[in-house]
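Trainee: Sharing a structure here in structure tokens format.
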Amino acid sequence: MANTKSAKKMVRKIATRTLVNKMRRSKVRTSVRKAEEAIASGDKALAQEALKAAQPELMRGAQKGAFNRKQAARKISRLTKRIINIAS
């Protein structure tokens with residue numbers, strides 16, 4: 001348990017940051033899931049729109065430290081590749 005005043009403040013800050021990061025990760029997962037569902041449906045236009053919505057969420061989450069920047073880039077790259085390979 002935290003003893004000093006600064007340690008107690010850090011515990012509060014960490015709890016707040018954890019909540020914010022959880023919300024960010026949840027938002028990103030939802031947008032990625034929507035993109036994957038659009039890809040699975042085979043509709044290229046819908047998939048591109050879903051990726052266009054997911055990409056800023058991914059990069060914002062990475063920039064804010066919710067997860068690694070390279071992980072976000074990898075997800076975007078793989079989703080883009082899957083959309084390109086949809087038979088048009």
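Trainee: When a footprinting reagent is the concern and you count Cβ atoms within 10 Å, what order do 17, 12 take, fewest first?
Mentor: 12, 17
Trainee: Pop out the ³J(HN,Hα) list for the range 44-54 in order, Karplus 6.51 cos²θ - 1.76 cosθ + 1.60 with θ = phi - 60°, rounded to Hz; leave Gly and Pro as x.
Mentor: Coupling constants for the range 44-54: 5, 5, 5, 5, 5, 5, 5, 5, 4, 7, 6 Hz.
Trainee: Also: Tell me, what HN-Hα J-couplings in whole Hz come from the Karplus equation 6.51 cos²θ - 1.76 cosθ + 1.60 at θ = phi - 60° for each residue of the range 27-35, using x for Gly and Pro?
Mentor: Once θ is set to phi - 60°, the couplings for the range 27-35 become 4, 5, 4, 5, 5, 5, 4, 4, 5 Hz.
Trainee: Another question, then. Past 29 Å, Cα to Cα: identify those pairs from 13/70; 5/70; 13/81, in the order given.
Mentor: Too far apart for the 29 Å limit: 5/70; 13/81.
Trainee: Compare 46, 58, 19 in a GNM of the chain, Cα atoms joined below 10 Å, and give the one with the largest fluctuation.
Mentor: Among 46, 58, 19, the largest mean-square fluctuation in the Gaussian network model of the chain belongs to 19.
Trainee: If you place +1 on the Cβ of every Lys and Arg and -1 on the Cβ of every Asp and Glu, how big does the dipole about the Cα centre of the chain come out, in debye to the nearest 20?
Mentor: In total the dipole reaches around 760 debye.
Trainee: Next up: Could you calculate the FRET efficiency of residue 52 with residue 13 from 1/(1 + (r/R0)^6), where r is the beta carbon distance between them and R0 is 35 Å, rounded to 0.05?
Mentor: It comes to 0.55.
Bear in mind that the values in this text are calculations on the coordinates, not laboratory data. What you are looking at is a predicted structure, and each value in this text was computed from that prediction instead of being measured. Note that we place each Cβ from the backbone using ideal geometry, even for glycine, and neighbour counts take in every protein chain shown.
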